[in-house]
1. Can you tell me which residue is nearest to G71 (Cα to Cα) among those in region 40-53 that are of a type in the set (D, E, K, R) and surrounded by fewer than 12 Cβ atoms within 10 Å (Cβ to Cβ)?
2. Are any of the residues in region 26-39 among the hydrophobic types (A, V, I, L, M, F, W, C), within 30 Å of A168 (Cβ to Cβ) and buried (at least 16 other Cβ atoms within 10 Å of the Cβ)?
3. Only residues in region 15-37 that are of a type in the set (D, E) count as the first member; pair them with residues that are surrounded by 12 or more Cβ atoms within 10 Å (Cβ to Cβ), Cβ under 9 angstrom, at least 6 apart or cross-chain, and list the lot.
4. Is it true that some residue in region 85-93 is closer than 30 Å to D164 by Cα, aromatic (F, W, Y), out of contact with any Gly (no Cβ under 6 Å at 6 or more places or on another chain) and assigned to a helix (DSSP H, G or I)?
5. Go through region 64-97 and count every residue that is of a type in the set (V, I, T) and over 16 Å from L132 (Cβ atoms).
6. Just name the residue that is modelled with the lowest pLDDT out of those in region 1-22 that are part of a helix (DSSP H, G or I) and surrounded by fewer than 12 Cβ atoms within 10 Å (Cβ to Cβ).
7. Out of region 54-79, which residues are surrounded by 13 or more Cβ atoms within 10 Å (Cβ to Cβ) and over 22 Å from W143 (Cβ atoms)?
8. Would you check if there is a residue in region 51-71 being under 30 Å from L173 (Cα atoms) and outside any loop (DSSP other than H, G, I, E, B)?
Amino acid sequence: MQLSVVVGYLGCAALFADARLLLGSVAAAAYAAGLAAWHEGEQLRRAHGTRWLAYRSAVRAWLPRSHPWPGRTPATLYLAQSCSMCAGLGGWLAAREPVALRLLPAETHPGRPRRPTYESAAGVRASGVAALARAMEHIHLGWALCGWVIGLPGVAGFAQLAADAFGAGPRSLPEPAGPVIRDRENR
């Protein structure tokens, strides 16, 4: 966030050809590197303890990571194996080796979702195109940026409408022939 503010000031200084805005970038950098780093860092350490310290040692300040931090909150994406598009999407995601994301058949989900469903251990839930957008955050920064754009208000609704029009609409899962085998962690 701090880097974005500094870059924003620099961009505005260049766009408006106003050297005074360069002072804004210097002030933002000084605040972020000094007061914010000290104060917010201490608050986060007190609130999250060793988890914050592990995160801080793995994630450097000011420079975004290209791939997600392995200690991030885990999530699961449920994709129907009986749907060729969903199965193809699952293969595509698996080939990109997502971090802290399990891919499970939707047929094993107790709620029998009608669209791809994303659920995180932090309680975040999304379905359809929004689920794909959240799953993209687990690949790398480039795909995360695409996912964030897809997840924007208005964009997500239009993307879901377009996906539905091209055949990715909600579908009912076939009834299981026998007992449903669930992932050990979901039993």
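The values are calculated or read from the model by the stated rules, or taken from the named source; none is laboratory data. Since the model is a prediction, treat every value here as computed from it, not as a measurement. Every residue, glycine among them, receives a Cβ derived from its backbone with ideal geometry; neighbour counts consider all protein chains shown.
1. Our first condition is that a residue be of a type in the set (D, E, K, R); within region 40-53, this holds for 40, 42, 45-46, 51.
Retained after the next criterion (residues that are surrounded by fewer than 12 Cβ atoms within 10 Å (Cβ to Cβ)): 42, 46.
Numbers: E42: 20, R46: 19 Å.
This residue is R46.
2. Filtering region 26-39 for residues among the hydrophobic types (A, V, I, L, M, F, W, C) gives 26-30, 32-33, 35-38.
In the following step, the residues that additionally are within 30 Å of A168 (Cβ to Cβ) were identified as none.
No - not one qualifying residue is present in region 26-39.
3. Listed pairs, sorted by first residue: D18/C12.
4. Taking region 85-93 first, the residues closer than 30 Å to D164 by Cα are 85-93.
Applying the additional criterion that residues be aromatic (F, W, Y) yields 92.
Of the ones still in play, those that are also out of contact with any Gly (no Cβ under 6 Å at 6 or more places or on another chain) are 92.
Going one step further and asking which of them are assigned to a helix (DSSP H, G or I), we end up with 92.
Yes, that holds for at least one residue.
5. 1
6. The initial filter retains those residues of region 1-22 that are part of a helix (DSSP H, G or I), namely 2-16, 20-22.
If we keep only those that are surrounded by fewer than 12 Cβ atoms within 10 Å (Cβ to Cβ) too, we end up with 4, 14-16, 20.
Numbers: S4: 86, A14: 93, L15: 93, F16: 93, R20: 90.
Among those residues, the one meeting the criterion is S4.
7. Listed by number, the residues that qualify are A54, R56.
8. Step one: list which residues in region 51-71 are under 30 Å from L173 (Cα atoms), which gives none.
No - not one qualifying residue is present in region 51-71.
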